[in-house]
Amino acid sequence: SLLGKAAIFIPYPYAAGNHQFLNAKILEKRSACKLILEKDLLRENFPRLIKETLEDKQLLEKLAENIKKFAVPNSAEKIAEIILDL
């Protein structure tokens, strides 16, 4: 998100609490990414989704602009500070 790059998320379906899907869904609802479930990932539709996304310059710009809104600069340092404070 910090780099403002358009992304297609494929959440790992067995992640604890389905957190990858839930996080990606928030981004998708705010037009900050494309989301495809692993179970829907077919040989035919994934390359098509990538091609359609790459060819749609307005979509790429919108995804890039919107995902930047979720960026947290220096997040690793901030987490380390919180841990050290504890």
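The values are calculated or read from the model by the stated rules, or taken from the named source; none is laboratory data. Just so it is clear, the structure is predicted and the values come from calculations on it, not from any experiment. When we count neighbours, we look across all protein chains shown, and the Cβ atoms used for this are built from the backbone with ideal geometry, even at glycine. Just the protein is used for accessible areas: all its heavy atoms, side chains included, with ligands, DNA and RNA removed. Shrake-Rupley method; radii C 1.70, N 1.55, O 1.52, S 1.80 Å.
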Quiz item: Counting Lys +1, Arg +1, Asp -1, Glu -1, what net charge surrounds A32 among other residues with beta carbon under 10 Å of its beta carbon?
Solution: +4
Self-check item: Label corresponding to mean projected area of the Cα convex hull in nm² when calculated from the structure given, among (i) 6.9; (ii) 6.2; (iii) 5.4
Solution: (i)
Quiz item: Mind checking the angle between helix 45-55 and the chain's longest principal axis? C-alpha axes, 0 to 90 degrees, to the nearest 10.
Solution: 80 degrees
Quiz item: When the accessible area of the chain is split by element with a 1.4 Å probe, what percent falls to carbon and sulfur?
Solution: 58 percent
Quiz item: Which angle from 0 to 90°, rounded to the nearest 10, does the C-alpha axis of helix 75-85 make with the longest principal axis of the chain?
Solution: 30 degrees
Exercise. Name the long-range amide H neighbours of I8: under 5 Å, sequence gap of 5 or more, or other chain; modelled H, no Pro or chain starts.
Key: K34
Quiz item: Helix 19-29 versus the longest principal axis of the chain: what is the Cα-based angle in degrees, 0 to 90, to the nearest 10?
Solution: 60 degrees
Self-check item: Protection-proxy order for peptides 39-48, 5-14, each taking the mean of Cβ atoms within 10 Å per residue, highest first
Solution: 5-14, 39-48
